[in-house]
Amino acid sequence: MTDSSPATPAENPPDTAEAPLDFDVVLRGYDRAQVMSLLETMQRSIAEPATGGAITPAQAREGAGFDVVLRGYDRAQVHTAYERLLNRLAHVHGEAVGGPEGEKPAPN
């Protein structure tokens, strides 16, 4: 018999539906390898925070200085996905959601 009771907020962070990391490639956008490396690490840390390779919200903020390159990912789409994942990661780590304006990825 399975337990069909609703999960408590601590068990499921906001926006738990896993959105695929799929971005448009534009003429001048964020470096694709840098974006995927950070966002996939963030996703793994949200899904399994106790396993190796976990990243903290502070580390995610530090790693968000993506280079702007030719044929990179759409910057607005990356910002949206990054902010969503950062909020979920902060929730997992028990930190306040949101924060200073400097959280958005910025080109190096």
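The values are calculated or read from the model by the stated rules, or taken from the named source; none is laboratory data. As the structure is a computational prediction, the values presented were derived from the model and not from experiment. Because the Cβ atoms are built from the backbone with ideal geometry, glycine has one as well, and the counts that use them run over all protein chains shown. Ligands, DNA and RNA are excluded from the accessible area calculation, which covers all protein heavy atoms including side chains. Shrake-Rupley method; radii C 1.70, N 1.55, O 1.52, S 1.80 Å.
Just one of the listed residues (Asp24, Asp3) is of a type in the set (Asp, Glu), open to solvent by 40 Å² or more (accessible area, probe 1.4 Å) and modelled with pLDDT under 95, and it is Asp3.
In the set Ala81, Ala60, Ala50, Ala76, only one residue is of a type in the set (A, V, I, L, M), surrounded by 13 or more Cβ atoms within 10 Å (Cβ to Cβ) and without any contact (Cβ under 8 Å) to a residue 40 or more places away in the chain; that residue is Ala60.
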